[in-house]
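The values are calculated or read from the model by the stated rules, or taken from the named source; none is laboratory data. As the structure is a prediction and not an experimental result, all values here were calculated from the model. Glycine also receives a Cβ, built like all others from the backbone with ideal geometry; neighbour counts cover every protein chain displayed.
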Amino acid sequence: MSFTLSPDDIKRCRSISMRYKDRIKEIATAVAAETSIPTAAIYGPGRSADIVNARQLVMYLARQDGMSFPAIGKAMNRDHTTAIAAVRREVARRATE
C-alpha cells in the first residue's frame, strides 16, 4: 500500500510550512530587538550564552504559540530534539526567576 499526495496537498503542506517559518521569523525579530542580538546570530551556529539564550527564547515562544517541536526545529534549521531541550531550559530559567 502506498500513499501519494496530490499537487494540491503538496501546495497546502508548503503553505503551512511557510506560515511556521514566517511566524518564527516574527518571533526571532522581536527577540532580536529586545536582546540586541542579530537575527542572523539567533539562526546561526553561535554557541555563546547570550545567543543560545535568545535562541531558546525564540523556540519557547514558538511553542507557546502552538507550534510543534518538529516545526520549530525545521524553521530554526535544527533538530526537533534541540527544540525540546531549548523549551525545557527556558521553562527552567523562568522557574528560577
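If the condition is being under 20 Å from GLY46 (Cβ atoms), within 8 Å of the chain's Cα centre (by Cα) and in a helix (DSSP H, G or I), then the range 62-87 contributes ALA62, ILE72, GLY73, LYS74, ALA75, ALA83. Only a single criterion out of (1) loosely packed, with under 12 Cβ neighbours inside 10 Å; (2) modelled with pLDDT of 95 or more; (3) at negative phi is not satisfied by ASP22, namely (2).
Scanning the range 74-97 for residues that are out of contact with any Phe, Trp or Tyr (no Cβ under 7 Å at 6 or more places or on another chain), at pLDDT below 95 and surrounded by 12 or more Cβ atoms within 10 Å (Cβ to Cβ) returns a single hit, LYS74. When you check ALA28 against the structure, is it among the small types (Gly, Ala, Ser), modelled with pLDDT of 95 or more and either touching a Gly at 6+ places or on another chain (Cβ under 6 Å) or within 28 Å of SER15 (Cβ to Cβ) (or both), yes or no? Against the criterion (among the small types (Gly, Ala, Ser), modelled with pLDDT of 95 or more and either touching a Gly at 6+ places or on another chain (Cβ under 6 Å) or within 28 Å of SER15 (Cβ to Cβ) (or both)), ALA28 qualifies.
Only one of the numbered conditions (1) touching a Leu at 6+ places or on another chain (Cβ under 7 Å); (2) exposed (fewer than 12 other Cβ atoms within 10 Å of the Cβ); (3) among the hydrophobic types (A, V, I, L, M, F, W, C) is violated by ILE27, and that is (2).
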